[in-house]
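The values are calculated or read from the model by the stated rules, or taken from the named source; none is laboratory data. Since the structure is predicted, the reported quantities are computational estimates derived from the model, not experimental observations. Cβ: placed from backbone, ideal geometry, glycine included. Neighbour counts: every protein chain shown. Surface areas here come from the heavy atoms of the whole protein model, side chains and all, with no ligands, DNA or RNA. Shrake-Rupley method; radii C 1.70, N 1.55, O 1.52, S 1.80 Å.
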Amino acid sequence: MVATAVTSSFFPVTSSPDSSDSKNKKLGSGSTNLGGIKSKQPASSGSLQVKANAQAPPKINGTSVVTSPVESFKNEDGASSPPARTFINQLPDWSMLLAAITTMFLAAEKQWMMLDWKPRRPDMLIDPFAIGRIVQDGLIFRQNFAIRSYEIGADRTASIETLMNHLQETAINHCKTAGLLGEGFGATPEMCKKNLIWVVTRMQVVFDRYPTWGDVVQVDTWVSASGKNGMRRDWLVSDSKTGEILTRATSVWVMMNKVTRRLSKIPEEVRGEIEPFFMNSDPIVAEDNRKLVKLDENTAEYVRKGLTPRWSDLDVNQHVNNVKYVGWILESAPLAVLESHELSSMTLEYRRECGRDSVLQSLTTVSETGVGDMANVGEIECQHLLRLEEGSEIVRGRTQWRPKYAKSFGNVGQIPAGNA
């Protein structure tokens, strides 16, 4: 129908010359009417005089079109006569017709590409818009992330905050893609009805290798049961090209009433929503059951005071984002450790939340070694505590650090010349 409309706008319907001549031409003397052109033949002369009546400019699709005058032909007596009607001068403007057809095809191709996108090469990313997808019988969510230039740190590798944000993003997108995301942030429809939200109580992360600028990482995540009233979420981060494992993480989540801020059991209605997505699997990281040490002013070697949340540090539940806690914990880590070592694993226990008006302190102590000559020290373990100024604990933590470039270069703690 669209093609018919376009064609009709460029090919106006005209009557045949024979029928026109038979209706408008009279033989013998007198006047002759040819499509609005009157001619009179005086009795005293055989010449032909032609007068053109004034006509309104022709219209195409309701738009006036100005036509240029057509050169007239003269007969033997010198009088003008209209040009002969040929196939050439009846053709439409082909450039406009071709432009209209091209526009229609381009619009159709764009719609098809958006609705039915398929990779043209096997090495292309299956997820071109980085939305993620459900794989492995609908139980694992997978999403790819490209490491941007603004996500790398002084070591030319992705920052801890970047990697932790990937974990959090895939957890939320998993709920959304599975149809479990209600009006809340990561809450199911039944959780929204009961004013319940998820809060993390424990997390273990192992960093096998840090990606760098331009790398594309593949993040897989899934959930399992953790006791009677908890849920465990695991992550496996790998290089999308080589399949090399980069990061492994496991976490335990419980429910909290966002009005009373108290922990809650999992209601049966909520359990019916989430249990179909549980996998029967062991944690991706072996649980570290060692007790986390409580630090104070006497046992902490390094203290950073006056830490306050910014507005951008709050999530939609109006408490500080979990990733921000990791950054605050590392605020008190000694600079000598940060310069010569990289974080290889960490274990965090979340004790309570903090709000936008909180003022915090970060405490750290280095276990079983000093920090005088870090270039000659192997692995290091640190104990951490993040607390409010009045003493309430927010997060306890333990971190392990390995020497930088120890596997690839002989001089530990020195950046190779080629990367300088």
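Overview of results
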| quantity | calculated |
| --- | --- |
| In sequence order, calculated HN-Hα J values of the range 158-175 (Karplus, 6.51, -1.76, 1.60; Hz; x Gly/Pro) | 4, 6, 4, 4, 4, 5, 5, 5, 4, 5, 5, 5, 5, 5, 5, 5, 4, 4 |
| Estimated translational D of the range 263-402 in µm²/s (Stokes, Kirkwood radius over Cα pairs; 37 °C; 0.692 mPa s) | 193 µm²/s |
| Cα-centred dipole magnitude for the range 222-303, charges only on beta-carbon of K, R (+1) and D, E (-1), debye, nearest 20 | 340 debye |
| Per residue value of the accessible surface for the range 131-171 (all protein chains in place, 1.4 Å probe), Å² | 48 Å² |
| List 396, 142, ordered by accessible area with a 1.4 Å probe, largest first | 142, 396 |
| Cβ-derived FRET efficiency at R0 30 Å, residue 311 paired with residue 212, nearest 0.05 | 0.45 |
| Residue 208 long-range amide H proximity, modeled H, under 5 Å | 247, 248 |
| Where N is the number of residues in the range 133-225, Cα Rg divided by 2.2 N^0.38 Å | 1.23 |
| Accessible-area order (highest first, 1.4 angstrom probe) of the listed residues 226, 362 | 226, 362 |
| Inverse mean reciprocal Cα-Cα distance (Kirkwood Rh) of the range 202-314, Å | 17.6 Å |
